Amino acid sequence: MPGTYIPSEYLPVLIFIIIATAFGFGALIIGTVFRLKKPYYEKLLPYESGIDPKGEPRTRFAVRFYIIAMLFVVFDVEAIFIYPWAIVFDKIGIFAFIEMVLFIVILLVGYIYAWKKEAFQWD
Amino acid sequence: MNFQLPDLTPMIPELSMTAFALMVLLLDLLIKKKEVVALISIAGVALVSLTLFGPSGTTFGTMFISDGYSTFFKIIFFVNVILSILISIKYIAVEKINYGEYYSLMLFSTIGMMIMASAGDLIVLYLGLELMALSTYVLAGFNRHDIKSNEAALKYFLLGAFSSAFLLYGISIIYGLTGTTDLRAIASFISARDLTDNFSLLLSIIFLTVAFGFKIAAAPFHMWAPDVYEGAPTSITAFMSVGPKAAGFAVLGRVFMIAFASVKADWAAILIPIAILTMAIGNIVALSQTNIKRMLAYSSIAHAGYALLGIITANNEGLASMMNYLMIYAFMNIGAFAVIIMLRSEGFKGDSIYDYEGLSKTHPLAAVLMLIFMFSLTGIPPTAGFIGKLYLFVSAINAGYTWLVVVAVIFSAISAYFYLRIIMYMYMREPKTTVTLTTSFSNGIALGITTAAVLLIGILPSYLLDLAKAAIKGF
Amino acid sequence: MIQQLFFIYFAFAITGLSLLVVTRKNPVHSVLWMLLLFFHIASLYLFLNAEFMAAIQVIVYAGGILVLFLFVVLLMNIREELRIGKYIGAGPTGFTFAAALLVVVFMSLRSFVAAPPGIYSIDLIKKETHTMVLGKLMYTEFLYPFEITSLILLVAIIGAIVLAKRRLKT
C-alpha cells in the first residue's frame, strides 16, 4: 500500500537531530539563565583585535564568485547523475557506458568552453 | 537485464543538430571573426535540414515521435533560425555584442524546439521546453550592458519559471490520475477509466493551458511579451517571436489533440475565451504603441490569437491551417524585423515609429519592403498574410465557429489601423530625422527570402497548404 | 497513523518555512530559512521511500544551490528589502487571485482518483534499493530525457558565463 511507508532505519538520524537541537538550544538557555548580565560599551563592540570597527561589516562580493558557484552547481549535478549510473552499470552493460560517455562529452564541451573563456581565472 | 539501444534513425535531425551545435560552440573558441561562425551555423542548419526528410517513426518507447507534423514544425524552426542569424550578423556588430555564443545559443534553443515538436511524452516535452527557454532567456539578456536587455531577460526568466511551475503541477496531476506521462497512454487511460468529467483532469488541462499560453504569448499570459520584445536585441526579438511561439503551438496541438482528445469540448471552451481575449488585447493595445518593437510584440500576441483558432477547430484541417499560418508568420514577421533592424545604426536606436516618417523619400526600397510586410501582417491580398488568415478562418467556419471568425475579422480590421499607420508615416509624412540605414549583404538575403516567400505564398497559396495538409495526415 | 502525523508536520513546516523565506526582510535570513526548508523537503522524500532524492536534495539544494543564493544575496549587498510602492500596491489583487486559485485547486482535487500503482511497490524498492531502481529506469527507459538534461546543463554553463563574465573573451 502506498502511504504506509516509514523510513524506520532513519530513526537514529532523527534521534541525533533531536539531541543535537536540544543540546544547542539547551546550552544557550542554560547560559542565559546562569550568566552575569553586565553589558558595557566595549563589551558590546564586535571584536576587531582591539581596534574600533569602521564601515560596513558586509562588503559586496565580486560577480566572479557567482560564476564559480554556478559552474560548481552544474558539475555537482553532473556528478550526482553518475552516482546511480555507477550502481546499475553492471546490470545494463555496455550501453550504460556509451550513454554516460555521451553525457560527459556534452558537458566536457562545456568545460572546455568555460576553460577557454577563462571562467576559472581570477582575472 | 537486457537493454537494447533504441532505433536512432528517426532522430537523426536532432542528433546531427546537437553535434553541430556543440561544434559551433567549440569553433567559436578558435575563430576570431564571428561572421564566419555565423556562416558556419547557417551552412550547418542547411545541412541538417536535409536530414529532416529521413525515416519517420517513434523511438525510445513513444517518447520521440517523428512524423509529418513534427517535420513541418522543424522546417519552421529552421527557417526561423536561418533568417534570424542572417539578420543578426551585422546587427550584433553594431550593438557591440559580437560574441560567438550568440549563435550556439540560438542553435541550442532550436534543438529545444525540435525536441518539443517531437515530444510524445510530457517529461520530454518539459525538458525540451526548458532547453528552448533557458537559451532564449540568455539571448534576451545578451546585450548585457543595456539595462533594458537585462530587464527583458529577468522578466522573461521569472515569468517563464513561474509558467514552468504551472506546467509541472499540471503534469504531476496528470501523472497522479493516469499513472503515465505518455501522451497516447494518457488518452487511452482517460477513455478507459472514464475520467472525462473529472475536475482534476480539467484543472491539469487549465494548468497546461497556462504554461503553453505563456510560451505562445496568449492573453492573459502575455504580460511579459511587450517588455521582453522591446528590451531584447532586435534580432532575438525576431527569433523568439516566431520560434518559441511555433514550438508552443506544436506542443499545444499535440498534447491537446492526442492526450486530451476525449475532452475536446472542455479545452475548446477554455481556449475560445483565451483566443478572443488575446486578439482583443493584442490588437487594441497595439493601437497606442509608439515603439515599433512593442507594437510588433502586441501584434505577435494578436497573431497568437488568430492561430489559436486552428487549435480550437480541433480537426486536421484546422491544425493544417494553423501550421500554414505559423510558417507564413515566420516569413512576414522576420521580414518586418529585418527592415526594423536596418534602422539601428551607431548611436541611433531607430525603434520609434516616428523614425519611419518619410522613409519612402529617403530610402524608397526599405519603405516598399516594410509596406509589403505590413500589408501581410494586416492580411491584405495578394500577400501571404491574407492567405494564412483566410485558411484559418475558413477552417474555423467549417468547424462551426462562424461567430468566432466574425470576432476575429473585426479585430483584424482594427489591426489595420496600426499596421497601416506605419505605411502612412512612411509615405505621407515628411522626413524629420535623417535616418541612415545599416545595410549588409546577409540582411539583404534575409529580406530577399522573406519578401519572395511572402509574395509567392500570397500568389501561389495552395503549395504550402498542401504541404501542411500532407504533413498532418496520420497525426 | 504515525506516517500521517509526520506528513502533517512536514506539510505545515514546509508551508510555514516557505512563508518565512519570502517574507523576511533580511535576505540572509531568508536564505537560512530556506536551508531549513530544504532539509524538511529532504525528509519528506524519505517518507516517500525515495532515499536517493533525499540525498540529492541535501547535496545539490542545501549544498550547492543555497551557496549560489547566498552569493547572489551578498553580490547585491541589500540589507533590507527595497520597498517600492508600485509593487506593494498590487498585494491585495495578488492575494485575491492566489486565494481564488487555492480554492479552485482544492475543490478540483477533491475529485482526484489516483491511478493504480505501478510495479514499483515499497517492497520492491526496499529489496532493490531506491538508487538501483532509479538508475535502472533512468538509464534504460528514460535515457532520452537524461541525455537532454546534459544539454540543459551545458546551456546553464554558457548562460552563466555569457551573462556574468566581466570581460567576455571573444
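Key figures for this structure:
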| quantity | calculated |
| --- | --- |
| The one condition in (1) touching a Ser or Thr at 6+ places or on another chain (Cβ under 8 Å); (2) under 29 Å from B:Ser204 (Cβ atoms); (3) surrounded by fewer than 24 Cβ atoms within 10 Å (Cβ to Cβ) that B:Ser300 fails to fulfil | (3) |
| Number of positions in the range B:53-72 that are more than 14 Å from every other protein chain (Cβ to nearest Cβ) and surrounded by 23 or more Cβ atoms within 10 Å (Cβ to Cβ) | 3 |
| Residue check, B:Phe20 farther than 17 Å from B:Ala119 by Cβ and more than 20 Å from the chain's Cα centre (by Cα) | yes |
| Count - residues of the range B:181-227 that are hydroxyl-bearing (Ser, Thr, Tyr) and either surrounded by 19 or more Cβ atoms within 10 Å (Cβ to Cβ) or modelled with pLDDT of 95 or more (or both) | 4 |
| Residue that is farther than 24 Å from B:Lys90 by Cβ and either β-branched (Val, Ile, Thr) or more than 26 Å from the chain's Cα centre (by Cα) (or both), where the choices are B:Ile423, B:Ile353, B:Ile334 | B:Ile423 |
| Within the range C:140-170, considering residues that are among the charged types (D, E, K, R) and assigned to a loop (DSSP other than H, G, I, E, B), the one surrounded by the most Cβ atoms within 10 Å (Cβ to Cβ) | C:Lys165 |
| Helices (runs of 4 or more DSSP H) wholly inside the range B:211-322 that include at least 2 residues being among the β-branched types (Val, Ile, Thr) and in contact with a helix residue (DSSP H, G or I) (Cβ under 7 Å, 6 or more places away or on another chain) | B:234-254, B:264-286, B:292-313 |
| The lone exception for B:Ile75 - which of (1) within 19 Å of B:Val255 (Cα to Cα); (2) surrounded by fewer than 24 Cβ atoms within 10 Å (Cβ to Cβ) it fails | (1) |
| Any hit, the range B:384-403, residues being free of Cβ contacts under 8 Å to residues at least 60 places away in the same chain, of a type in the set (S, T, N, Q), part of a helix (DSSP H, G or I) and farther than 14 Å from B:Thr434 by Cβ | yes |
| Residue in the range B:140-154 that is nearest to B:Tyr91 (Cα to Cα), counting only those that are part of a helix (DSSP H, G or I) and more than 19 Å from the chain's Cα centre (by Cα) | B:Ser149 |
| Residues located in the range B:107-129, provided they are facing chain C (nearest Cβ under 9 Å), assigned to a helix (DSSP H, G or I) and surrounded by 24 or more Cβ atoms within 10 Å (Cβ to Cβ) | B:Phe108, B:Ser109, B:Ile111, B:Gly112, B:Ile115, B:Val124, B:Gly128 |
| In the range B:1-20, residue nearest to C:Met132 (Cα to Cα) [restricted to those that are surrounded by 15 or more Cβ atoms within 10 Å (Cβ to Cβ) and without any contact (Cβ under 8 Å) to a residue 24 or more places away in the chain] | B:Phe3 |
| Pick from the range B:21-44, criterion crowded, with 19+ Cβ neighbours inside 10 Å and within 12 Å of chain A (Cβ to nearest Cβ), ranking: nearest to A:Phe89 (Cα to Cα) | B:Leu22 |
| Residues (within 20 Å of A:Ile17 (Cα to Cα) and either of a type in the set (Phe, Trp, Tyr) or surrounded by 15 or more Cβ atoms within 10 Å (Cβ to Cβ) (or both)) located in the range C:1-35 | C:Phe6, C:Phe7, C:Tyr9, C:Phe10, C:Phe12, C:Ala13, C:Ile14, C:Leu17, C:Leu32, C:Trp33, C:Met34, C:Leu35 |
| Only listed residue being in a helix (DSSP H, G or I) and surrounded by fewer than 19 Cβ atoms within 10 Å (Cβ to Cβ), chosen from B:Tyr169, B:Tyr137 | B:Tyr169 |
| Unmet criterion (only one of (1) surrounded by 12 or more Cβ atoms within 10 Å (Cβ to Cβ); (2) assigned to a helix (DSSP H, G or I); (3) at pLDDT 85 or above) for C:Phe97 | (1) |
| Condition met for B:Glu95 (more than 22 Å from the chain's Cα centre (by Cα) and acidic (Asp, Glu)) | yes |
| Subset tally (residues that are of a type in the set (S, T, N, Q) and touching a residue at least 60 places away in the same chain (Cβ under 8 Å)) for the range B:149-189 | 3 |
| Any hit, the range C:20-35, residues being charged (D, E, K, R) and either away from chain A (no Cβ under 13 Å) or touching a strand residue (DSSP E or B) at 6+ places or on another chain (Cβ under 6 Å) (or both) | yes |
| Tally, over the range B:281-297, of residues that are of a type outside the set (A, V, I, L, M), surrounded by 24 or more Cβ atoms within 10 Å (Cβ to Cβ) and out of contact with any Phe, Trp or Tyr (no Cβ under 6 Å at 6 or more places or on another chain) | 0 |
| Check on B:Thr378, touching a residue at least 60 places away in the same chain (Cβ under 8 Å) and within 22 Å of the chain's Cα centre (by Cα) | no |
| Residues that are farther than 20 Å from B:Val124 by Cα, in contact (Cβ under 8 Å) with a residue 24 or more places away in the chain and either among the aliphatic types (A, V, I, L, M) or more than 7 Å from every other protein chain (Cβ to nearest Cβ) (or both), drawn from the range C:129-170 | C:Thr129, C:His130 |
| Pick from the range B:60-74, criterion among the polar types (S, T, N, Q) and touching a strand residue (DSSP E or B) at 6+ places or on another chain (Cβ under 8 Å), ranking: modelled with the lowest pLDDT | B:Thr62 |
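Let's see how each residue does on (1) of a type in the set (A, V, I, L, M, F, W, C); (2) crowded, with 19+ Cβ neighbours inside 10 Å; (3) in contact with a Leu (Cβ under 7 Å, 6 or more places away or on another chain); (4) under 30 Å from B:Gly57 (Cα atoms):
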site	(1), (2), (3), (4)
B:Ser395	no, yes, no, yes
B:Ile410	yes, no, no, no
B:Ala413	yes, no, no, no
B:Arg429	no, no, no, no
B:Thr434	no, no, no, no
B:Thr439	no, no, no, no
B:Ala446	yes, yes, yes, no
B:Asp466	no, no, no, yes
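The values are calculated or read from the model by the stated rules, or taken from the named source; none is laboratory data. Because the structure is a prediction, the values reported are computed rather than measured. Neighbour counts are summed over all protein chains in view; Cβ atoms, including those assigned to glycine, are modelled from backbone coordinates with ideal geometry.
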